[in-house]
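First up is the structure itself, then whatever we jot down about it.
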Amino acid sequence: MRDGGPLGRAGLALLLMAAGAGARSQPAAHGDQSRSNVVLVACDSLDGRLTFFPGNQTVNLPSINFMKRHGTVFLNAYTNSPICCPSRAAMWSGLFTHLTESWNNFKGLDPDYVTWMDLMEKHGYHAQKFGKLDFTSGHHSVSNRVEAWTRDVNFLLRQEGRPMVKLTGHRKQLRVMETDWRNTDKAVNWIKEEAVKFTQPFILYLGLNLPHPYPSPYAGENFGSSTFLTSPYWLEKVNYEAIKIPKWSSLSEMHPVDYYSSYTKNCTGEFSKEEVRNIRAFYYAMCAETDAMLGEIISALRDTGLLGKTIIIFTADHGELAMEHRQFYKMSMYEGSSHVPLLVMGPGVREQQQIPNVVSLVDIYPTMLDIARIPVLQNLSGYSLMPLLCEKVESEASPRGSRPSWVLSEFHGCNVNSSVYMLRTGKWKYITYSDGSSVPPQLFDLTDDPDELTNVAIKFPVIVHSLDKILRSIVNYPKVSSSVQEYNKEQFISWKQSLGHNYSSVIANLRWHQDWLKDQKKYENAIDKWL
């Protein structure tokens, strides 16, 4: 691993010594009082634009609205990689994806990586976590990793079931996602039975699966997750009149990478406006259920008298396209996929504040250290959010100087047949691919074109050149793309060899089986040619 890469627990003492030598301890945001408790609620697949106008008109999210009234909402917060494991690896490490080398949902951090929670525990915090973590290597299906490894193969196969909706339960059924509710209950009980007794501060993490789509067993063996499922109770929280039907380019006019994504996500068929509206409505209803779980945590803190002593952070690993750009899921740099919610409330945090600065999930790590008054490490990709939250002068608050005016996101996994890099700064979003020349780049003016329907890269070559220069100063992206291609091939060869005579049978029955089995020999030959 390169400098700035993951560290094991064995290096914890050295890391702390280096941190002490390289940075000065940060003052608490709220003066000389005792350190704040911290609660981080991280959900999965929530579009950050739903937390402010006009996106917030589509669904009632009372807990998020409570946090906005009593705290701060970030208007331009982004994932550092729009897929579960790589995004969470960035959040828990404070490092960009090309540094963690978390290339896909199977490859994350080492199990002994020193996270911000480890450091907070080392510095006297009681630490507890419930629910979805998903930042270490070794998880997710075989299909998921094989699809990522073979994305450079010259074939096109549907890897998901067609997105659909499903209504369950009755008008009084609140608890649809039982696993998340059980974990929320555990967190609430821990606050009421354990945290309330502590004399030292605590850090609590709750990871939710919602509003990620549900598995779709109708799609056959090794199915994916393309079902938007909710109950009438939550669907009634959605304002159908405010649901925007996204505009689509024709298939022939789509960017080549978008076409690949749309096809592999099984979205190139015909969809009626009613189908699209329902998918979006059911997704928003799933967001409302997520919001209710956040509300349970806030209520537990209030009921125990801990709310005024606790900083609460709410965010997500990435968003959900919900049929924008003829896609569902994430794995895209479009706003629906890459824009995440980020709300903070608690001691020292300004109330009813909207922050327009671009920020990203790597900022969570230094923020946690800042809150806990732990020296902030110098090798992190992120910057503490506390100066923005408390309106401190950032150059005085951080020995690293001011935060940059850009954020970086990158993607190297399945459903996209190229490494993708996104730089967001000011009104511009610049997206480039692979080696920077073999695939056309995209440039969007988010002020004039918030729906990202018009690629103006050809119209503004000077802007493209300028943003590409900034991007290359952050990461040598052609080199990273090449490394990922080598990694994919090596991993696939190793996997193929491990299967022996079973290879043909196993690869034919992954999520793409419905297409693969139509011409098995053709697709095996395409892989052989790639290898």
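The values are calculated or read from the model by the stated rules, or taken from the named source; none is laboratory data. Keep in mind the model is a prediction, meaning the values are calculated, not measured. Note that each Cβ is placed from the backbone with ideal geometry, even for glycine, and that neighbours are counted across all protein chains shown. To get the accessible areas, we keep the full protein, side chains included, count just its heavy atoms, and leave off ligands, DNA and RNA. Shrake-Rupley method; radii C 1.70, N 1.55, O 1.52, S 1.80 Å.
Some points to look at:
- Residues that are open to solvent by less than 10 Å² (accessible area, probe 1.4 Å) and over 21 Å from THR150 (Cβ atoms) within the range 94-107 comprise GLY94, LEU95, THR100, listed in sequence order.
- The selection criterion, being part of a loop (DSSP other than H, G, I, E, B) and among the charged types (D, E, K, R), does not hold for ASP468.
- Residue identified as closer than 30 Å to ASN80 by Cβ, surrounded by 11 or more Cβ atoms within 10 Å (Cβ to Cβ) and modelled with pLDDT of 95 or more among ILE474, ILE458: ILE474
- Residue among MET91, MET120 that is farther than 24 Å from GLN200 by Cα, among the hydrophobic types (A, V, I, L, M, F, W, C) and open to solvent by less than 40 Å² (accessible area, probe 1.4 Å): MET91
- Some residue of the range 219-233 being part of a helix (DSSP H, G or I), more than 24 Å from SER63 (Cβ to Cβ) and open to solvent by 30 Å² or more (accessible area, probe 1.4 Å): no
- Subset of the range 309-328 (residues that are farther than 19 Å from LEU133 by Cα and either aromatic (Phe, Trp, Tyr) or under 9 Å from the mean Cα position of the chain (by Cα) (or both)): PHE328
- The residues on offer are SER45, SER63, and the sole one that is part of a helix (DSSP H, G or I) and either open to solvent by less than 10 Å² (accessible area, probe 1.4 Å) or touching a residue at least 40 places away in the same chain (Cβ under 8 Å) (or both) is SER63.
- If you filter the range 186-214 down to residues that are under 29 Å from the mean Cα position of the chain (by Cα) and free of Cβ contacts under 8 Å to residues at least 60 places away in the same chain, you find that the one that is most open to solvent (accessible area, probe 1.4 Å) is LYS186.
- If you go through the range 110-148 and keep only what is charged (D, E, K, R) and closer than 29 Å to GLN378 by Cβ, you end up with ASP110, ASP112, ASP118, GLU121, LYS122, LYS129, ASP134.
- Qualifying residue in the range 293-300 (condition: surrounded by fewer than 23 Cβ atoms within 10 Å (Cβ to Cβ) and not in a helix (DSSP H, G or I)): no
- Matching residues in the range 72-102 - criterion: being assigned to a strand (DSSP E or B), within 13 Å of LEU361 (Cα to Cα) and hydrophobic (A, V, I, L, M, F, W, C): PHE74, ALA77
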